[in-house]
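S.K.: Mind having a look at this structure? Questions to follow.
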């Protein structure tokens, strides 16, 4: 709390609530919450936590605002494009509630700074957009014994859970690795830039994260401890799944701070599957060769459709039924960003093994088009 | 014996449906095998299995009218 006598008038409507009261408000004002990621999930979570009077809020984000953020990252305006997200978020929130302390960290969360930053807070909100940071946050919070309010989205669906929360009744708490012990192979799970996301969905999931955070701070209601809630915005389906803590999970997490600092989470989450990738230069060199079969694995109707080389279309969803007929010795698969094509390359490898040379166009057609337009200049 | 399967996220994109009902499936291992035969792209997919809303970590016997949920990880934010 910044001031000796904070204005409780602004909190009057929530203090009125049964079970909340002045006591709940005091708990919020004493609480320290770290929001990692000031994006689609982080923006609404930050707004509601600041408005509710969480006394100290930390914001970690190294990114700058871009125009493709604005459909879901509602703290930012067109005037903020190119500026630091964490800094702008702090400015906006300070105007919303000048009675709380807001600290911005304009840096990427790494194994070097994570333990130091997280240690100053009571609760961590995982509002990130990538697996390597999610595993990093999980492991750091297990080492520091801090609860995580987890949120993640894909297209029209979201997941929310409270992880690593040690309640007083002594139930062993599950963490992210009890849910997903190791990351998916690189390219298997698309991020928002590749798969798209409904802006308002991140608003709903980020707001749920704020709501769960307020519940565990004030002790009201039944928070999603050891439970992952899934929400589908198109069908309004809500489904809760109980996560069970497993003894084997602890062995996946670094034993102590020294081991944690030496972990390479970036590598851990992307290393598994790069043997197929071919760069644009090499691709252009072989693209018109008669021995090379080029396959577009995007779903039908996706654009742009390149005209500089010949290719066939076999969407990934129908891939396995159609690949046995491929005769040529070398196969190159491509998609929009180079992620789905990695999956396709793996499927081809599973079918043909070493009998064919299999490549996946690195960076996908997006990177190829970009490269082509710079060459023309 | 009828088992109801719910698919989430990218798994539903692979199958094209978010609910599947299968008959005569004894346990979760044979259920996954049968799904992978029908939808080979599932072989490449990461997901956890929940039987009647509880995550399992080893092969689990299924009962008539039980619901099995397949939940993939999401990274977006």
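S.K.: Could you grab the relative contact order for chain B? Cα pairs under 8 Å, six or more apart, rounded to a whole percent.
M.R.: This gives 43 percent for chain B.
S.K.: If you take every DSSP beta bridge whose two residues both sit in region B:2-71, what share of them, in percent to the nearest 5, is antiparallel?
M.R.: Counting only bridges with both partners in region B:2-71, antiparallel ones make up about 70 percent.
S.K.: Further question: Viscosity 1.306 mPa s, temperature 10 °C: Stokes-Einstein D of chain B from its Kirkwood Cα radius, in µm² per second?
M.R.: 127
S.K.: Another one. So what's the angle, to the nearest 10 degrees on a 0 to 90 scale, between helix A:364-376 and the longest Cα principal axis of chain A?
M.R.: The two axes meet at around 70 degrees.
S.K.: Let me ask something else. For a quick check: sort B:21, A:357 by the number of other beta carbons within 10 angstrom, fewest at the front.
M.R.: B:21, A:357
S.K.: Okay, moving on. Please determine, in degrees from 0 to 90 and to the nearest 10, the orientation of helix A:85-96 with respect to the longest principal axis defined by the Cα atoms of chain A, where the helix direction is its Cα long axis.
M.R.: 30
S.K.: Follow-up. Using Cα pairs under 8 angstrom and six or more residues apart, how large is the relative contact order of region A:233-377, in percent?
M.R.: It rounds to 23 percent for region A:233-377.
S.K.: Related question: Nearest 10 degrees, 0 to 90: what angle lies between the long axis of helix A:42-52 and the longest principal axis of chain A (Cα atoms)?
M.R.: Helix A:42-52 sits roughly 10 degrees off the main axis of chain A.
S.K.: Most exposed first by the Cβ proxy, i.e. fewest other Cβ within 10 Å, how do A:250, A:13 rank?
M.R.: Fewest to most other Cβ atoms nearby, the residues stand as A:13, A:250.
S.K.: Would you calculate, for chain A, the mean residue ellipticity at 222 nm contributed by helices, counting each DSSP H stretch of 4 or more residues as -39,500 (n - 2.57) and dividing by all residues, to the nearest 500?
M.R.: For chain A, the value works out to -10000 deg cm²/dmol.
S.K.: If you count the DSSP beta bridges with both ends in region A:8-272, what percent of them are antiparallel, to the nearest 5?
M.R.: So the antiparallel bridges amount to about 50 percent of the total.
S.K.: On average, how many beta carbons from a partner chain sit within 10 Å of the beta carbon of a residue in B:61-73?
M.R.: If you average over the peptide's residues, the count of other-chain Cβ atoms is 2.
S.K.: Same structure again: Determine the percent antiparallel among the DSSP beta bridges restricted to the protein assembly as shown, to the nearest 5.
M.R.: Rounded to the nearest five, the antiparallel share is 45 percent.
S.K.: Can you tell me which of A:204-212, A:84-92 comes out highest on packing, and rank the rest after it, using the mean Cβ neighbours within 10 Å?
M.R.: Going by the mean number of other Cβ atoms within 10 Å, highest first, we get A:204-212, A:84-92.
Readers should treat all values here as calculations from the given coordinates under stated rules, not as data from a laboratory. Keep in mind that what you see is a predicted model, and the values were worked out from it rather than measured. All Cβ positions, glycine included, derive from the backbone under ideal geometry; neighbour counts span all protein chains shown.
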